[in-house]
Amino acid sequence: MPKGDEVRILLSILTSRAIVNYRYAFQVLQETRSPYSTTKACNSSMMASSTDGAQLTLYTGPTPNGWKPSIMLEELGLPYHVRRLDFSSKEQKEEWFLKINPNGRIPALVDHTAGDLKIFESGAILWYLGEMYDPEGTLWPKEGKKRTEVMSWLMFQMGGLGPMQGQASYFLNSAPEQIEYAKNRYLNETDRLYQVLDDHLKERQWLAAGQYTLADIANFTWVFCHSRIGKTLDDNPHLKAWYERMLARPAVQKGLDVPTENAIKKALGLSDNANKRA
Ligand SMILES: N[C@@H](CCC(=O)N[C@@H](CS)C(=O)NCC(=O)O)C(=O)O
């Protein structure tokens with residue numbers, strides 16, 4: 001047998017073992033935890049200063065990335081403790097929090113049932129919750145092809161919509177100087193991504209896998225903030241219909257009210273004057 005073939009066979013054996021081990025590790029973790037229904041000690045509205053028996057602590061703020069996990073936790077009906085970080089005092093850069101998220105940003109999640117496992121990056125948090133706490137596949141389908149579709153739309157948000165709209169919002173609302181080129185660059189790219197979503201939703205109710213999933217949650221929280229960059233959804237009728245379907249979900253509304261109430265009013269610009277496109 002040629003040497004190249006041997007190496008390839010060896011690699012494929014090692015890779016399949018690694019996948020099996022990884023699956024096994026998750027299975028063990030899942031088997032060792034107790035069921036959620038036994039710990040309804042805390043929910044989003046309580047926001048106590050200790051974990052109060054909740055198995056998960058969410059470190060968050062009222063922002064598009066911060067709302068993703070609270071919506072998913074509400075959809076799954078999981079009890080969780082909420083710790084809001086104070087951006088004005090740069091609490092997210094304090095040493096204690098950097099031990100939870102070395103990137104010094106929200107959101108982050110700590111799973112107390114898994115040895116205080118720390119998860120950061122909102123996409124990773126949604127994936128973790130799906131993998132560990134959605135045994136029925138309601139938001140994170142079980143079938144491989146469907147999962148791949150969900151992952152594609154999750155990554156579309158993490159690598160595209162979030163960063164582009166985030167920069168558009170920064171250059172419009174927060175930058176110390178007005179830079180037309182930067183504003184146009186990020187607004188145009190955000191417009192393009194909204195159009196991609198609109199085209200995709202023309203023939204379907206939800207973004208991926210023929211069902212409501214965590215990919216809808218991830219993209220929604222950004223579309224929710226469209227007025228922050230002076231956008232309306234009038235040119236994107238399919239996106240608008242999806243947005244309204246999302247907003248009608250009770251768990252979405254509850255998740256948006258974490259960690260502060262009235263997020264819906266604020267994000268729609270009803271009490272905010274910094275939401276017009278320059
Ligand atoms: N890619 C990260 C982005 C996190 C992020 O940028 N979070 C913002 C709020 S939406 C934040 O913590 N900003 C405060 C800071 O940058 O110090 C994720 O998806 O979790």
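Read-outs throughout are calculated quantities, based only on the coordinates presented, and are distinct from any laboratory measurement. Owing to the predicted nature of the structure, the values given are computational and were not obtained by experimental measurement. Positions of Cβ are generated from backbone atoms using ideal geometry, with glycine treated the same way; all protein chains shown enter the neighbour counts.
Under 5 Å from the amide H of His81 lie the amide H atoms of Leu56, Thr57, Leu58, each residue being 5 or more positions distant or on a separate chain, with H modelled from the backbone and absent for Pro and chain starts.
With a Förster radius of 30 Å applied to the beta-carbon distance between Leu117 and Gln253, the computed FRET efficiency rounds to 0.55. Kindly flag which residue pairs out of Lys202/Lys266; Lys231/Lys254; Lys68/Lys266; Lys68/Lys202; Lys183/Lys231 have an alpha-carbon separation exceeding 22 Å in this structure. Listed pairs above 22 Å: Lys202/Lys266; Lys231/Lys254; Lys68/Lys202. A viscosity of 0.890 mPa s and a temperature of 25 °C, combined with the Kirkwood radius over Cα pairs in Stokes-Einstein, give a translational diffusion coefficient for the range 155-230 of 188 µm²/s. Projected label points at Arg185 and Glu143, each 7 Å from Cα along the beta carbon direction, are separated by 4.3 nanometres.
On full extension, the segment bounded by Leu98 and Arg245 gains 49.3 nm, given 0.36 nm per residue less the C-alpha separation. Divided by 2.2 N^0.38 Å, where N counts the residues, the Cα radius of gyration of the range 106-254 comes to 1.11. Under 5 Å between amide hydrogens, built in the peptide plane, is the criterion, and for Gly230 it picks out Arg277 among residues at least 5 positions away or on other chains.
Size of the range 190-244 from its Cα atoms: along the principal axes, largest to smallest, the extents are 31, 19, 18 Å.
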